[in-house]
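Structure, as structure tokens:
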Amino acid sequence: PPEQLPPDPSKKTIVVLGSGWGSTALLDAIDTTDYNVVVISPHNYFLFTPLLPSVTVGTLNGRSITQPTRYMVRYKTREVQVVEAEATKVDVANKKVTFEDKSEIYGNLGTVEVPYDYLVYAVGSENQTFGIEGVKKYGNFLKELGDAEEVRRKLMDCVEKASLLGQSEEEIDRLLHFVVVGGGPTGVEASSEFRDFVRDDLSKWYPAVSGRVRVSLIEALPNILPMFSKNLVEFTENVFKENEIQILTKHMVKDVDEKSVTVQGPDGKIINIPMGMLVWAAGNTARPLTRDVQAQLKGKQTNRRGLLVDGHMRLVGAEDSIFALGDATATDLAPTAQVANQQGAYLASVFAQLSRADRVNSKLEEAKRFGAAPEEIARLERKLKKMLDISQFSFTSRGAMAYIGHENAIADLPWGSVQLSSGGVLTGVAWSSAYWSLLFGIRSRTSVALDWLKVRIFGRDLTV
Ligand code: FAD
Ligand code: NAD
């Protein structure tokens, strides 16, 4: 990478919390000439979440869909400081962020405070568990890279354990029952990947048990995928039927223990379903850090779903210094990568305009100090006002796509004023090409393409 300008104390500092979709889009587009930028995130990389379900069965290697944050900002004019740590406190009144060094490496730094002029709050959300304690204890999430790797390990452990000589028939059936909770796109994609793995790989290498694997998708609502068109929901249900994925709609999970999941069926009856592994994809909730920010802005931040922002992504109650975006916010838009990505790019343009406005403001102050003509001062004031008249964020939907197994995908795509819906293997090809082209950079694209090729030739890796 070329030599970069060092941080400059005379410039304003933007602290960015998170290295996900929102932050990365911002970092990708921001001009750092006029700013010091500090990124704080527990992960020193960006994760391409749309392909995360493929990591659960080893179709993709986890590292293929990550991109180091330092790598992404290597061409910025001014160096971006990347801190791998978790922000533990945002002091809204004093404009400071505290982060904690939780590294296992000897010589822990403890807590460190970083002051900011602007804060970009993009820490995403965490998994909603509705207070069911067994979910965290016995279930697996599918949000972070580590989650997907853990699912893969557990899945193979279940298969190996079921293959042990001497297992009872009942125990084999339990171990080979993979349950996914939540019929949103995450749950649908995870179930689809599991089934593909059974069909393509387990059937070859574990013929004695593969026929006994069952995949069930449990959803509390009457339908899965409420955000997709009705015909695509029906199409998905048919593909799942063919692929032997059991869908239990109108079933609400009430409890989870080591070996089973307790659900309430449509007739109110409580059923106990034995399972070997449970993936919990029941939606999002605000992180504790977000709740703490809300508590500091009592009366102004009143939405339990997330942070309230104005049309410029400014945090309600801290409009002069904090911008919030992505899944951490509660807006009319769905919590998707598409939204966070566009918001991040929008914020980069806001910062560009704010730095231009700062320059005009300096000129204005100088003009006033040196007693410039009133017309010149009025001209600069008009210019400044115009520059601060920044247009609001507006979202352009590119539609929605989801992988539903056996090389099929579904897509609802806007076409002028109408919406095109399609499902099938061709849509599957479009799905993989679309997401492949959206990957950040040649390194990820090459790795993903090679992983796909490797799976075609050798099958998925079965090692744990
Ligand atoms: P994230 O991308 O989640 O980023 C949050 C960042 O904050 C992370 O880097 C995290 O490590 C960091 N962080 C967390 N806590 C702290 C802290 N205390 N301090 C500092 N940093 C912190 N959306 C789509 O549009 N299309 C899809 O196909 C799609 N597929 C998905 C598949 C899966 C499996 C999942 C889980 C989600 C998918 N989504 C998809 C949704 C999409 O990933 C999210 O909407 C998007 O990631 C939100 O972006 P964000 O920047 O708000 O948060
Ligand atoms: P979601 O909120 O879309 O779906 C969660 C589902 O879990 C809901 O349908 C809910 O009714 C169900 N549920 C909640 N509690 C339950 C319980 N106790 N028992 C049974 N069912 C229960 O969550 P998601 O799928 O993780 O998606 C989160 C966001 O990410 C959404 O905005 C989604 O659009 C986006 N996303 C998009 C894609 C894609 O476009 N391909 C993929 C993944 C995620």
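A few remarks follow.
- Set V82, V57: member being under 27 Å from S355 (Cβ atoms) and hydrophobic (A, V, I, L, M, F, W, C): V82
Here is a yes/no grid of residues against (1) within 16 Å of ligand 2 (Cβ to nearest atom); (2) out of contact with any strand residue (DSSP E or B) (no Cβ under 8 Å at 6 or more places or on another chain); (3) touching a residue at least 24 places away in the same chain (Cβ under 8 Å):
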site	(1), (2), (3)
F46	no, no, yes
L51	yes, yes, yes
V55	yes, yes, yes
G58	no, yes, yes
N61	no, yes, yes
K76	no, no, yes
E79	no, no, yes
K102	no, no, yes
N108	no, yes, no
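- Helices (runs of 4 or more DSSP H) fully within region 120-235 counting 1 or more residues that are touching an Asp or Glu at 6+ places or on another chain (Cβ under 8 Å): 133-138, 145-162, 185-197
- Restricting attention to region 323-369 and to residues that are more than 24 Å from L47 (Cα to Cα) and either polar (S, T, N, Q) or not in a helix (DSSP H, G or I) (or both), the residue that is farthest from the chain's Cα centre (by Cα) turns out to be S362.
- When residues in region 306-336 are screened for being of a type in the set (G, A, S) and over 12 Å from Q294 (Cβ atoms), 4 of them pass.
- Test: residue in region 126-145 that is touching a Lys or Arg at 6+ places or on another chain (Cβ under 7 Å), closer than 19 Å to E258 by Cβ and among the hydroxyl-bearing types (S, T, Y): yes
- Among the numbered conditions (1) over 21 Å from G326 (Cα atoms); (2) at pLDDT 95 or above; (3) among the charged types (D, E, K, R); (4) assigned by TED's automatic domain parsing to the domain that holds V309, the only one that D117 does not meet is (1).
- Those strands (runs of 3 or more DSSP E) of region 50-95 in which at least 2 residues are of a type in the set (D, E), considering only elements entirely within it, cover 86-91.
The values are calculated or read from the model by the stated rules, or taken from the named source; none is laboratory data. Fair warning: this is a prediction, and the values are worked out from it, not measured in the lab. Here the Cβ is made from the backbone with ideal geometry for all residues, glycine too, and neighbour counts use every protein chain on show.
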